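*Asks:* Just passing along the structure, written as C-alpha cells.
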Amino acid sequence: MKLAVKNLENKAAGDITLDDSIFGVEVRADILHRMVNYQLAKRRSGNHKVKTRGEVAGRGQKPWAQKGTGRARAGDLKRTQDRGGGISFGPVVRSHAIAMPKKQRQLALKMALSSKVSEGKLIILDNASVKTHKTKPMADSFVKMGLSSALIIGGEEIEANFARATANIKLIDVLPTDGINVYDILRRDVLVLTKDAVNNLTEKLKG
C-alpha cells in the first residue's frame, strides 16, 4: 500500500510504499491485550516486601507462663496477631514478568502498526529534524498537522534539537526505532513514523 509523506510544515513530500505483511496484518484484540499485559507486568519492580514471623526483630523468649495467667498461650510476641508481629502470606520480592513467545510479540507489534493504518491514524514524515530546539515552533507545527496525542518514531537515533523541542509538549512521545512498543503505540491517538523508521521496522520485522 502507498501512503503520502509529509514534512513538519504539513506539506506533501512524496509517497512511500508500506509492506502489507507488516502494515496490513489482521488485527486481533486478544493478542494486543496479551502484549500490553506482558509489557506492564515486566516493568513492575516487584520489590514490595513484608516481614514474616521469622524475620521480625525480637526475642524468642516465652512472654508468660503457659498456665495460670488467664491469658492465651504464647511462645513469643512475634506472632501475626501481636502488634509488631510478622505478617502471614504477605508480599515478597519477586518478578511479575510473564512469558510470551518472541513470534507473538513481533506479531503484536505488526498488529499495532496495522491498527493505526486501518484507522487512518498513521502519518509518515520525511524526517524528524529541526533547526532550533525551541518548543513553540515545534508545537505550532504539531497544531498544523492536527497532532494533540501522538507517538513519534524517528530513526536509529533522535536528533538532539528535535528531542529537546518536543520534550515539554504534553501527550507527545518521541522514541528511536529500537524503542517502539505496542503499549506506547496504543496509548497515543496518532502514530508518526519517519521514512527511516519505516525502513528500519520493515527490515526488523520482515519475514
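*Asks:* What percent do you get for the relative contact order of segment 1-112 when only Cα pairs under 8 Å and 6+ apart count?
*Replies:* Normalised by residue count, the contact order of segment 1-112 is 31 percent.
*Asks:* Could you tell me how many degrees, from 0 to 90 and to the nearest 10, lie between the Cα long axis of helix 29-43 and the main elongation axis, the longest principal axis, of the Cα atoms of the chain?
*Replies:* On a 0 to 90 degree scale, this one is about 60.
*Asks:* Pop out the ³J(HN,Hα) list for segment 194-201 in order, Karplus 6.51 cos²θ - 1.76 cosθ + 1.60 with θ = phi - 60°, rounded to Hz; leave Gly and Pro as x.
*Replies:* 7, 4, 4, 5, 4, 5, 5, 5
*Asks:* Please compute the contact order of segment 107-178 in relative form: average sequence separation of alpha-carbon pairs under 8 Å and at least six residues apart, divided by the residue count, as a percent.
*Replies:* On the way: 73 pairs, mean separation 23.8, N = 72.
Normalised by residue count, the contact order of segment 107-178 is 33 percent.
*Asks:* Quick check: the angle from helix 102-118's long axis to the longest principal axis of the chain, C-alpha only, nearest 10 degrees?
*Replies:* 50 degrees
*Asks:* Using Cα-Cα distances under 8 Å and only pairs 6 or more residues apart, what relative contact order does segment 50-90 have, in percent?
*Replies:* Relative contact order of segment 50-90: 50 percent.
*Asks:* Moving on to the next point. Which value results for Rg/Rh of segment 85-168 when Rg is the Cα radius of gyration and Rh the Kirkwood radius based on the inverse mean 1/r? Intermediate results must be reported in sequence, preceding the final value.
*Replies:* On the way: Rg = 20.2 Å, Rh = 16.8 Å.
With Rg and the Kirkwood Rh in hand, the quotient comes to 1.20.
*Asks:* Please arrange Val198, Val143 by counting, for each residue, the other beta carbons lying within 10 Å of its beta carbon, fewest first.
*Replies:* Ranking Val198, Val143 by Cβ neighbours within 10 Å, fewest first, gives Val143, Val198.
*Asks:* Quick one: what are the phi-derived ³J(HN,Hα) couplings along segment 59-74, Karplus 6.51/-1.76/1.60 with θ = phi - 60°, whole Hz, x for glycine and proline?
*Replies:* Result, ordered by residue: 7, x, 6, 5, x, 8, 5, 4, 10, x, 8, x, 9, 5, 5, 8 Hz.
*Asks:* Mind checking the log10 I(q)/I(0) for the chain at q = 0.10, 0.15, 0.18, 0.19 Å⁻¹? Debye, one equal scatterer per Cα, no solvent, two decimals.
*Replies:* -0.56, -0.94, -1.22, -1.31
*Asks:* Name the long-range amide H neighbours of Ile123: under 5 Å, sequence gap of 5 or more, or other chain; modelled H, no Pro or chain starts.
*Replies:* For Ile123, the qualifying residues are Leu191, Val192, Leu193.
*Asks:* Moving to a separate point now. Kindly put Lys78, Lys51 in sequence by how many other C-beta atoms sit within 10 Å of each C-beta, fewest to most.
*Replies:* Result, fewest neighbours first: Lys51, Lys78.
*Asks:* Right, next: Mind pulling the angle between the C-alpha long axis of helix 135-145 and the longest principal axis of the chain? Nearest 10 degrees, somewhere in 0 to 90.
*Replies:* 70 degrees
*Asks:* I've got another one for you. What is the spin-label model distance, in nm, from Ala74 to Arg44 if the labels are put 7 Å beyond Cα along the C-beta direction?
*Replies:* About 3.5 nm separates the two model spin labels.
*Asks:* Mind sorting Lys134, Lys116 by how few other Cβ atoms lie within 10 Å of their own Cβ, fewest first?
*Replies:* Final ranking by Cβ density, sparse to dense: Lys134, Lys116.
*Asks:* How big is segment 50-90 by Rg and Dmax over its Cα atoms, in Å?
*Replies:* My reading of the Cα-based Rg and Dmax gives 11.0, 35 Å.
*Asks:* Would you pull out the residues with amide H under 5 Å of Ile158's amide H, same chain only if 5 or more places away, H placed 1.01 Å from N?
*Replies:* none
FYI, it's all coordinate maths here, none of it is from the lab. Values in this document were obtained by computation on a predicted structure and should not be read as measured data. Cβ sites come from the backbone with ideal geometry, for glycine too, and all protein chains shown count toward neighbours.
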